[in-house]
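Participant: Supplied in structure tokens, the structure appears directly below.
The values are calculated or read from the model by the stated rules, or taken from the named source; none is laboratory data. All of these numbers come straight from a predicted model, not from anything done at the bench. Cβ sites come from the backbone with ideal geometry, for glycine too, and all protein chains shown count toward neighbours. Accessible surface areas use protein heavy atoms only, side chains included; no ligands, DNA or RNA. Shrake-Rupley method; radii C 1.70, N 1.55, O 1.52, S 1.80 Å.
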Amino acid sequence: MKKKLAALLAMSMLLTGALAGCGGSDEPAQDDTAENTQSATQDESAESTETTGGTLRMGTNATFPPYETVDDNNNVVGIDADIAQAVADKLGMDLQIINMEFDSLIPALSADQIDIVLAGMTVTPEREEQVDFTESYATGIQSIIVPEDSTIASVDDLADKKVGVQTGTTGDIYCTDDLGEDHVQRFESGVVATQALVNGQIDAVVIDNEPAKAYVEANSGLKILDTEYAVEDYAAAVKKGNTELLDQINGALEELKADGTIDEIIANYIHE
């Protein structure tokens, strides 16, 4: 009897281990910079997103209006949140949004703490070495914010200036490459960078055009230069090598483009 009981206990332990290895994490793992988690479901035992069903964990940095920001109810809202919800609906999945620092997104993706990044993230060769990008769903412009009385009128005028950027963004990458470390000051968000500009700590801010509009509207005495710093493509990112999820999301995005859903979502936030 003892031998039979021991065998049954061993089998039970093996079965429990196998089930734990097949499912997703019991709760969304985040680093210390994660600020907010919202979910369309209260079930935290989400299954892996490599197949349809379960929960799609989206990582973002909600300081980037109108693509992502936090509303009065502490929920992440915006273009990327709506597109992610539409993709999750296509895949028959629940959506969970995890808000964290921008430069934590790719490490979190690589560590399986999230399944997808939608954060107005630009496709760059450096990032393509770390993640797999979906097809582009929107085009972005890097713009320059300056005080209204600034002598800066073009990209060339930034050569000897102190330029503020959000850490880890393409604005950070471009300005560091073009101007050098000594002329770049990094901030945790575009909001903080813009406030530093208002306070006279820096001479300009380089950031995506849509959030730049929101920051200028919220702070008198600033303007956006007519000159574009760069034009770039936004795409969602998945863990390198996760081709099954990549194909599923690309398929969903293709359908959402074809039926006009993505254009409608963007038009809800960006009025030409």
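Participant: Let me see the P(r) profile for the stretch 175-272: every Cα-Cα distance counted, bins of 10 Å, each bin given as a percent of all pairs.
Facilitator: Whole-percent P(r) values from 0 Å outward: 12, 31, 28, 23, 6.
Participant: List every residue whose amide H lies under 5 Å from the amide H of L56, counting only residues 5 or more places away in sequence or on a different chain, with H placed 1.01 Å from N in the peptide plane.
Facilitator: Hits under the 5 Å cutoff: D94, L95, Q96.
Participant: How much area per residue is accessible in the stretch 92-237 when the probe is 1.4 Å and only protein heavy atoms are counted (Å²)? Walk me through the intermediate numbers first.
Facilitator: On the way: 5880 Å² over 146 residues.
Per residue, the stretch 92-237 has an accessible area of 40 Å².
Participant: Ignoring ligands, DNA and RNA, please state the percent of accessible area on the stretch 101-143 from carbon and sulfur, probe 1.4 Å. Don't skip to the answer; put the middle values down first.
Facilitator: On the way: 660 of 1530 Å².
About 43 percent, which is the carbon plus sulfur part of the accessible surface.
Participant: First check a/c for the stretch 48-142, with a ≥ b ≥ c the square roots of the eigenvalues of its C-alpha gyration tensor; if it is under 1.5, answer rounded, and if not, answer prolate when a/b is larger than b/c or oblate otherwise. Don't skip to the end; give the middle numbers.
Facilitator: Working: a/c = 1.38, a/b = 1.04, b/c = 1.32.
Rounded.
Participant: Further question on the same structure: Among 168-179, 202-213, how do they line up from the highest to the lowest mean number of other beta-carbon atoms within 10 Å?
Facilitator: 202-213, 168-179
Participant: In whole percent, and with a 1.4 Å probe on the protein chains, what portion of the accessible area of the stretch 170-272 is carbon and sulfur?
Facilitator: Here carbon and sulfur together make up 44 percent of the probe-accessible area.
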